[in-house]
Structure formats: C-alpha cells, structure tokens
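Derivation of every value follows stated rules applied to the coordinates shown; laboratory data play no part. Note that the structure is predicted; figures quoted are calculated from it, not measured. Heads up, the Cβs are rebuilt from the backbone with ideal geometry, glycines too, and the neighbour counts pull from every protein chain shown.
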Amino acid sequence: MMQPMSAYDPSRPESSSEEPASEPQRRPYYWLPNALTTGTLWAGFYAIVAAIDHNFARAGMAVFIAMIFDGLDGRVARWTNTQSEFGKEYDSLSDMVAFGLAPAILAYQWGVARIADYNVLWGRLGWAATFLYAAAAAMRLARFNTRAAADKRFFEGLPSPSAAAAVAGFIWLASEYQLSGLPALVLAFVITSVIGALMVSRFPYWSGKELNLRGRMPWAYLLVIPLAYIVISAGPGEALFAMFAIYAFHAPVLWAWRKLFHRRRDSGQTPLR
C-alpha cells in the first residue's frame, strides 16, 4: 500500500511551490501626501501666472497657500506611514517651483521692469538678484536632500518656504501700499539677495520638529495659535511679512550678538599671573 505524500518534501526546492506569492497590499491613503504636494505645485504655478498678470497680491497669497500644502504633505505621510522615494523627489520639485521660481519671478515682475527705467545697470542688477535667489533655492533644496541634519531641532540655512514667504510678503505689502520709486525697488532686490544668501548659509534655524502635536504641549505654545490668528486677521500682508522677516534675520542677528558679546567678555578678562 502506497504511503500518502507528506505536505513537506525536502527534495523539492522552495521556489517550486505551486502557490503564487501574495502581492504586497497597498497601504491606505497612499495617494493623500502626493495630492497635497500637487497642491503645493498648483499654488506655485498660480503665483507665477498671477505675477505675470501683475496680480501681485494674489501671487503673494498663493505662495503662502503653497506653504500650507507643503507643511501638510510630510506630516500626513508620516501619520499614515506612506513615505516613499517618489514622494520625496516630487516634494522637492514642487518646492522648487513654489519657493524657488515663483518668488523670483514675482520679484522680477514687480521691480525689474520699473527699475530698468532709471538705469540699464539697475535693471541688470535686479535681474541678477532674482536669478541668484532661484539658484540659492535650488542649492538649498539639493543640500537638504543629500545631507542629514546633525540636530533635527534646527535647519542648516534658511528653509526655502520661509525664504519665499519673506520675499512674497514684501512684494504683497509693497503692492498694497503702492510703494514706488528707486529706494523701494532697490530695497526689494536687496531683500531678495540677502534672503537668497541666508538659504545657503550655515546659520541654524529652529525647525519645530520636536513639537509633538499628538502629545501634551506647553500652554505657551497653545497661546501662539490664537494670537497669530488675531494678528494675521488684522493685517495679513503686514503680519506675514513681519513674522517671516523676523524668522529670517534673527539667526544672523543672534550670531553677530554672540560674537560681539564674547569679544567684549574676552577683552574684559584680566590675564592670569
């Protein structure tokens, strides 16, 4: 009488199993972070189109809307555990459009055409300032993608969304108050150039990544949200430009203060005998 074959035959290789391997299941909501990243790209594209049409206030608003989408896509990807290399690259390309090209074109459209009426040299300097900002944004994003931060609490250099907010906020404010004249135009290109330089600098900027929105937060952080809402509602252009300008320039100011303070302290010490 023949013995029934056992379920496991060691002479057969494992690859010869007739049962097909089960395909990995797709995680739910895998599309949501990429949809938010598309929102960043859309807002950046709209900002460029609005700047070309000389709707500078709308272009500035679009840059801030892009910041909201950009702040959500990474957090949603972590919350839903849907991070991917595709999402990382897509986010970087969208950031280049929204926070690199859009603010540069916005500053160019607002100022270069008018400043060239004063002098051809002024026009070329304005063109160079806006291009250098776009190049700095590209280098800032490339450095962020290829270099791991030593301290997650701080960014190395000014983040590109904050840089875009400072430039777009100034143009938004200038268009609302109808600032004109050579001093205003020169100030716009100085701000654009300095903000671009801060992006590729090594100044540390607080990232806020240590804040756990799911956990318990200090009451002082909770007060910031309603206060920011009240201030922004009173004057959105003024408030947003002030907030991001302070954030952009606080790092070099603190660095200069520390250098000056340590120099004075060292000069006041008496040598030991």
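Structure notes:
- For ASN55, distant residues with modelled amide H under 5 Å away: none
- Given charges at beta-carbon only (K, R positive; D, E negative), |dipole| of the stretch 98-199 in Debye: 320 debye
- Only Lys, Arg (+1) and Asp, Glu (-1) charged, at Cβ; the stretch 25-129 dipole about Cα centre in debye: 160 debye
- Farthest towards the positive end of the charge dipole of the stretch 52-118, among the residues ASN55, GLN109, MET96, is the Cα of ASN55, using unit charges on the Cβ of Lys, Arg, Asp and Glu.
- Residues whose amide H comes within less than 5 Å of that of PHE154, counting only those at least five positions distant or on another chain, are SER207 (H built at 1.01 Å from N in the peptide plane).
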